[in-house]
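Okay, so here's the structure we're looking at.
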Amino acid sequence: MKFLLTSITLLSLCVTLRAQETPAVKPATDGRVWGALIFATNDAAQLTGGREQPPPNLPKLNERLGKVFPFKHFEILGQHQQDIFREFESWVVPSQDLFLKIDSKGPADQGGVNLHLQVWREQQVLVKSDAVLRAGSPLFIGGPAWKSGRLIFVLSLDRK
Amino acid sequence: MKPPSEDHDLIRWLDGEMNATEHAAFETRLKTDPALANEAQVLRALSVGIRSHLPADMTVPHADFFNSQIQVRIGQLEIDNERAQATAAPGDLLRWLRQPWLTAAGAVALAVLGLVLLRPIAETSANSFILSSYTPKIGVQAHAFHDEAADATVLMLDGLDAIPADRKVSGIHVKHSETEPQLAATTLYDVAGGRLLMISRDATGLPLIWSNSPRG
Amino acid sequence: MPAAAAPDPGEVPDIDLVKRAQTGDTRAFDTLVTRYRGRIYAMTYHLIQNDTEAWDLAQEAFIKAWRALPNFKHDAGFYTWLYRIAHNVSYDWLRKKKTQGDGEFDDERTEHRIAVGAEATPKGDPAPDTAMRNAELGQRIQTAIANLSTDHRQVIILREVEGLAYEEIAALVPCSLGTVMSRLFYARKKLQEQLKDVYETTL
């Protein structure tokens, strides 16, 4: 009898706990971005020796950066791949020193996504921008000078 | 505890929402109820204070830029509208496809049409572009352009304060994140699943970052 | 609904500018932006308590108004219609970017906020003159309003700053008249609580 009552109690508890579980609902997204903080310099001695690599869908990144910024060396200090939420802001934080806030404004005509970007440096917003980001067409953001080089933020949209 | 109707009477009197009869009756109450009269006086003073310190009209910072950016975005909206109209499927084609005797052939035609439409879109897919930018800090300027050689869109920020050379700037490798919408907080995790940091916003909208490791 | 200020003699009336804007005249719309940007910015600023975001939201309101111009029927004034758009944009932003807790006067949140913004917050001696005291009071009132929940801040702004009647507030929010009154009463009591040293001593 005692065993039966114990079993019924345990079973009831399990049912109750299971009923209270709310299934995790993943928020809707409008794509996925890769963001990286890059240190550009002509002085190889200033590099940190990190081994971060860009994703395969961003070929020849250093070469492409070199076409825009007058530096020889480009080192990825940090990187972050992030879903762009439809209903909430998304943070892309490859570094606490320079990071992005992204708000999706929905899909863009002819592909890509409409974004509102904010580039933050600690507690200060450096720039706010409305942009259309398309896969295969990264955004290079020229940031502040550091040491004898410059910090650059790269943002690219993953292909679906 | 006072019933809600009494509280409502007080603020209706304060905000001039009473009719003449109600107003006269309340004024009589104020004369015979010192506590109520005091409360009314305090709320009236507060109301005056709020109105005098919260203007209904404020100078917009960078007002010319405010207007010009709206014009830029309106211009872009018009361009997008024209593009959307130019790529819309013609009505005749859709009616033809809906013919019953064309069901099987229509499905094939749609698939072929889809491939044909998709290929041109992929080939002519435009580059990323910047619609508008705003730099709150005076002296900082943003200019955007597309660099064909780099096959990238560039947003150049000039006039930023340099980061001191002796400051340690470091990065993290975030593998995945979890967002708690109710808390408006996002936790970032590294490749090994370790928690790197949490980011949220304070009451004024400034980002708050909590990190496990101290920064240099 | 909030009334637009009467145009100065010689100024083109709103209705003429709106009709021109509805045909695609962006310069006419630009005139409307100039005319009402101060009020729209003030409203968004008071509601969300952040100047840079308020700037963005005010812009967003004008962009939305441009998009919705074909639907504007001239049955209400243009400013009333624009105001409603701006209010909804701001309120949607607040709902979307719910601040942690979204609660009433929260000591922990306030203290933390002061700590984070410490570098920007001027530290100074007590105001030596009336002008300084007035500026400090203004800052305290703004802080007290920022500490209210979104719902309570909203009704205070609509009533005290915009001067809307209860029925207009109820229609805009939207909610019942009873809710408007309850929220107004509660909001004022919370503000009084935060500012009681200021108001008790003056009476």
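The values are calculated or read from the model by the stated rules, or taken from the named source; none is laboratory data. Just so it is clear, the structure is predicted and the values come from calculations on it, not from any experiment. Positions of Cβ are generated from backbone atoms using ideal geometry, with glycine treated the same way; all protein chains shown enter the neighbour counts.
For this structure, a couple of remarks:
Every residue, every condition in (1) farther than 18 Å from residue A:154 by Cα; (2) over 22 Å from the mean Cα position of the chain (by Cα), yes or no:
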residue	(1), (2)
B:133	no, no
B:145	no, yes
B:149	no, yes
B:153	no, yes
B:187	yes, no
B:197	yes, yes
B:202	yes, no
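- When the criteria are applied in full, residue A:101 meets the requirement of being surrounded by fewer than 24 Cβ atoms within 10 Å (Cβ to Cβ), within 21 Å of residue B:171 (Cα to Cα) and under 11 Å from the mean Cα position of the chain (by Cα).
- Contacts under 8 angstrom Cβ, first residue in the stretch B:143-155 being facing another protein chain (nearest Cβ under 7 Å) and at positive phi, partner surrounded by 15 or more Cβ atoms within 10 Å (Cβ to Cβ) and in a strand (DSSP E or B), 6 or more apart: B:151/A:137
- There is at least one residue in the stretch C:73-95 that is assigned to a helix (DSSP H, G or I), within 11 Å of chain B (Cβ to nearest Cβ), among the aromatic types (Phe, Trp, Tyr) and over 12 Å from the mean Cα position of the chain (by Cα).
- Conditions (1) in a loop (DSSP other than H, G, I, E, B); (2) modelled with pLDDT of 90 or more; (3) more than 7 Å from chain A (Cβ to nearest Cβ): number failed by residue B:187: (1)
- When the stretch C:53-87 is limited to residues that are touching a helix residue (DSSP H, G or I) at 6+ places or on another chain (Cβ under 8 Å) and over 18 Å from residue C:18 (Cβ atoms), the one that is modelled with the lowest pLDDT turns out to be C:53.
- Failed item, numbered, when residue B:76 is tested on (1) touching a residue at least 40 places away in the same chain (Cβ under 8 Å); (2) within 7 Å of another protein chain (Cβ to nearest Cβ): (2)
- Pair list, Cβ < 7 Å and 6+ apart or interchain, from the stretch A:51-72 residues that are more than 16 Å from residue B:145 (Cβ to Cβ) to residues that are assigned to a helix (DSSP H, G or I) and of a type outside the set (Asp, Glu): A:54/A:61
- Within the stretch C:69-91, if we keep just the residues that are among the aromatic types (Phe, Trp, Tyr) and in contact (Cβ under 8 Å) with a residue 24 or more places away in the chain, the residue that is surrounded by the most Cβ atoms within 10 Å (Cβ to Cβ) turns out to be C:83.
- Contact map, the stretch A:30-45: first residue free of Cβ contacts under 8 Å to residues at least 40 places away in the same chain, second residue assigned to a strand (DSSP E or B), Cβ cut-off under 6 Å, separation 6 or more or different chains; pairs are A:44/A:73.
- Subset of the stretch A:63-74 [under 14 Å from residue A:141 (Cα atoms) and part of a helix (DSSP H, G or I)]: A:64, A:65, A:66, A:67, A:68
- Being in contact with a strand residue (DSSP E or B) (Cβ under 8 Å, 6 or more places away or on another chain), farther than 23 Å from residue A:128 by Cα, more than 8 Å from chain B (Cβ to nearest Cβ) and part of a loop (DSSP other than H, G, I, E, B) is a condition met by no residue of the stretch A:79-93.
- The number of residues in the stretch C:165-203 being among the β-branched types (Val, Ile, Thr) and farther than 18 Å from residue C:144 by Cβ comes to 4.
- Residues (surrounded by fewer than 12 Cβ atoms within 10 Å (Cβ to Cβ) and facing chain B (nearest Cβ under 10 Å)) located in the stretch A:38-50: none
- Evaluating residue B:177 against the criteria (1) of a type outside the set (D, E, K, R); (2) in a strand (DSSP E or B); (3) under 26 Å from residue B:68 (Cα atoms) leaves one unmet condition, (3).
- Answer from B:122, B:152, B:104 - the residue that is at pLDDT 60 or above and either small (Gly, Ala, Ser) or closer than 30 Å to residue A:67 by Cβ (or both): B:152
- Within the stretch A:135-144, tally of residues that are assigned to a strand (DSSP E or B) and crowded, with 23+ Cβ neighbours inside 10 Å: 4
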